[in-house]
């Protein structure tokens, strides 16, 4: 399946490569299928932070450290004089289907601004010359430089909130 039109329009200001591959459902499987290191493949997580939705992007070689993410958000919120985070949890599949129209659950592109959702990106992923992220379906991905990725989402939050699996 091709990249959704909404995503193609969003990506139009930058150079990226569309990668077609066999159907995969995990970032780990995507890395294996493409024959690339797990550290360059992004794993998009859809979270609820005190009931508010957020997209988090970490490397396929890592797992989310909720405590570190909470600390990062609380530091950010303190500067903005907002209340501290109480709860971080994964969003339900039903919520993803209802909110993320036009993409498949488990293949969500990490561009929260498409849905007016904040995006958090783990610093380790951005250290690579290229990264591979989901493009809305199970058999296509996007290869892009971190520099151009940052250009697409100027208001994302970078931090260290993952750990080795």
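The values are calculated or read from the model by the stated rules, or taken from the named source; none is laboratory data. Values in this document were obtained by computation on a predicted structure and should not be read as measured data. Every residue, glycine among them, receives a Cβ derived from its backbone with ideal geometry; neighbour counts consider all protein chains shown.
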Exercise. Could you count how many residues in the range 94-112 are in contact with a helix residue (DSSP H, G or I) (Cβ under 7 Å, 6 or more places away or on another chain), in contact (Cβ under 8 Å) with a residue 40 or more places away in the chain and surrounded by fewer than 18 Cβ atoms within 10 Å (Cβ to Cβ)?
Worked result: 2
Seminar exercise, completed: Looking across the range 15-49 at residues that are in a helix (DSSP H, G or I), more than 17 Å from the chain's Cα centre (by Cα) and without any contact (Cβ under 8 Å) to a residue 60 or more places away in the chain, the single one that is surrounded by the most Cβ atoms within 10 Å (Cβ to Cβ) is 33
Exercise. Restricting attention to the range 60-78, does a residue exist that is crowded, with 18+ Cβ neighbours inside 10 Å and within 16 Å of residue 143 (Cα to Cα)?
Worked result: yes
For this session: Return yes when residue 63 is closer than 16 Å to residue 159 by Cα and either at pLDDT 95 or above or assigned to a strand (DSSP E or B) (or both) and no when it is not.
Result: yes
Exercise. Would you say residue 85 is touching a helix residue (DSSP H, G or I) at 6+ places or on another chain (Cβ under 7 Å), more than 19 Å from residue 153 (Cβ to Cβ), in contact (Cβ under 8 Å) with a residue 24 or more places away in the chain and not in a strand (DSSP E or B)?
Worked result: yes
Exercise. Given the structure, is residue 136 more than 16 Å from residue 64 (Cβ to Cβ) and assigned to a strand (DSSP E or B)?
Worked result: yes
For this session: Determine which single condition residue 1 fails, assuming it passes every other condition in (1) exposed (fewer than 14 other Cβ atoms within 10 Å of the Cβ); (2) touching a strand residue (DSSP E or B) at 6+ places or on another chain (Cβ under 7 Å); (3) at pLDDT 95 or above; (4) assigned to a loop (DSSP other than H, G, I, E, B).
Result: (3)
